[in-house]
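The values are calculated or read from the model by the stated rules, or taken from the named source; none is laboratory data. The shown structure was predicted, so the numbers you read here are calculated from the model rather than taken from an experiment. Backbone-built Cβ (ideal geometry, glycine too); neighbour counts: all protein chains shown.
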Ligand code: GRF
């Protein structure tokens, strides 16, 4: 009965209504004794080994036509349609590329509705680049450096990605700053994964084991990966998804890194799936949120 009444709060003509007024009570748990005319949301959390999301199911939403999907798409129902166009992905790496591999495997098995069409790297001999060559994925070098004379300039990089008809760019352990030319060419279309719960332990200098050492030294009891959109600075773009893992009392940086990386592989695939399905929507205050594949009324 209550659920039915609440469903009437949703737009009947849109599967993805805009989400307004984030400053009002956001994480209120539904309580029948409360005044239901107030805006409210339900949420769920899970142990770190289970999928960890905070979702806005059953949330009372206002009906407006201001939803914008990532990649400049508008109109909220595309993400759930079958026949949606497969997306072309570029992945940027500097190292081993385990996230790149997990996303590539997800594309091959069909859990991501897209294809990795090009790999960009600043290190032509890195593990990610070797893996790409082995799979027949073209490798391009960026940025230009003394030891990489064939590398591209920012404008050539943009042109190359356009040439591959790239829709989205996934940074996966890419250690160079992304040039403003690329950010302007691909608005709301570049993601990065960082191995801490941003905004903590992020920014210039926080990469690799330095992040995990700093987390342990701080005494923080939880850490985990963050997937965020990319802007002109290190690790400051809008947060899209996070997962939480415990920091154990006797953890080494290596042990914590392995626990975080395990979740990175999961969350980056889930987010890439949402990106390719056009299930990312932008709340009115500019925060991107993900529509659940299973339940279109759930957002996280
Ligand atoms: C990951 O920890 C990621 O969070 C960070 O760089 C690392 C890349 O690892 N940005 P891999 O190359 O994907 O194994």
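Here are a few things to note about the model shown:
- Residue check, residue 241 away from the ligand (no atom under 12 Å from the Cβ), assigned by TED's automatic domain parsing to the domain that holds residue 214 and assigned to a strand (DSSP E or B): yes
- Summed over segment 156-180, the residues that are more than 16 Å from the ligand (Cβ to nearest atom), surrounded by fewer than 17 Cβ atoms within 10 Å (Cβ to Cβ) and within 17 Å of residue 231 (Cα to Cα) give a count of 1.
- Filter pass, residue 271 being closer than 17 Å to residue 89 by Cβ, within 13 Å of the ligand (Cβ to nearest atom) and assigned to a helix (DSSP H, G or I): yes
- Evaluating residue 56 against the criteria (1) modelled with pLDDT under 95; (2) within 24 Å of residue 175 (Cα to Cα) leaves one unmet condition, (2).
Residues checked against (1) part of a loop (DSSP other than H, G, I, E, B); (2) touching a strand residue (DSSP E or B) at 6+ places or on another chain (Cβ under 9 Å); (3) within 26 Å of residue 288 (Cα to Cα):
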site: 128; (1), (2), (3): no, yes, no
site: 132; (1), (2), (3): no, yes, no
site: 177; (1), (2), (3): yes, no, yes
site: 184; (1), (2), (3): no, no, yes
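- All conditions in (1) modelled with pLDDT under 95; (2) in the same structural domain as residue 121 (by TED's automatic domain parsing); (3) more than 11 Å from the ligand (Cβ to nearest atom) hold for residue 233, with the sole exception of (2).
- Among the residues of this structure, residue 185 counts as one that is more than 16 Å from the ligand (Cβ to nearest atom) and touching a helix residue (DSSP H, G or I) at 6+ places or on another chain (Cβ under 6 Å).
- Test: residue in segment 249-264 that is under 13 Å from the mean Cα position of the chain (by Cα) and either within 11 Å of the ligand (Cβ to nearest atom) or outside any loop (DSSP other than H, G, I, E, B) (or both): yes
- Flag not set for residue 197, criterion: within 15 Å of the ligand (Cβ to nearest atom), under 17 Å from the mean Cα position of the chain (by Cα) and within 26 Å of residue 125 (Cα to Cα).
- Check on residue 148, within 18 Å of residue 128 (Cα to Cα) and away from the ligand (no atom under 16 Å from the Cβ): yes
- All positions within segment 60-108 that are more than 16 Å from the ligand (Cβ to nearest atom), modelled with pLDDT of 50 or more and under 18 Å from residue 161 (Cβ atoms): 85, 86, 87, 88
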